[in-house]
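No lab work stands behind these numbers, since they all come straight from the coordinates. Remember, it's a predicted structure, so these values are computed and weren't measured experimentally. Here the Cβ is made from the backbone with ideal geometry for all residues, glycine too, and neighbour counts use every protein chain on show.
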Amino acid sequence: MRLPQDQAAELAGASERTAYEYFAYCRSTCLKELLRAKIGGDGEVVEISDTSLAKKRKYNRGRHYEEFWLFGGVERGTGRWFGRIVYNKRTKETPLPIMKRFIKPRTHIMSDMFATYVR
């Protein structure tokens, strides 16, 4: 059920300011948990991939934009995911710390076998 903050405040008998602060606290708590939680686990499958988010110049004119990538993964069973923007080049050193931070040990990792992921 989605409830606007002013209605939630009225139902709880609290001020709108209190409802606003409580909603902000809940959002912050959920965000911290999402950023900290790992996906995968024993026997689970996580698919990883990356994609370029670079802005292309037409006819090699105009402003030069820095190339950056979105690297992420999705757990097959639950649909839980992670994603990180990567500003440096796609090297073998780039995805490994991200995978260690967001994917649990003993997870089966599937990829497109891009040379960056293969040891």
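Structure values in brief
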quantity	calculated
Max mean-square fluctuation residue, GNM over the chain, Cα-Cα springs under 10 Å, options GLU75, GLU44, GLU16	GLU16
Of (i) 20.3, 61; (ii) 16.3, 57; (iii) 23.2, 82, the label for Rg and Dmax of the Cα atoms in Å derived from the coordinates	(i)
Residue among ARG90, ARG27, ARG101 with the largest mean-square fluctuation in a Gaussian network model of the chain, springs linking Cα atoms under 10 Å	ARG27
Residues in segment 4-47 reached by a label modelled at HIS108 [backbone nitrogen below 15 Å; 7 Å Cα→Cβ]	40-47
For TRP69, TRP81, order by how many other beta-carbon atoms lie within 10 Å, fewest first	TRP81, TRP69
Computed [θ] at 222 nm, helices only, for the chain once each DSSP H run of length n ≥ 4 contributes -39500 (n - 2.57)	-9500 deg cm²/dmol
Inter-label distance for GLN7 and GLU67, nm, one decimal - labels placed 7 Å from Cα along Cα-to-Cβ	4.9
³J(HN,Hα) computed for each position of segment 74-90 - Karplus, 6.51 cos²θ - 1.76 cosθ + 1.60, integer Hz, glycine/proline x	10, 7, 4, x, 9, x, 5, 8, 9, x, 9, 7, 10, 9, 8, 5, 7
Fraction of antiparallel bridges per DSSP, the chain only, in percent to nearest 5	75
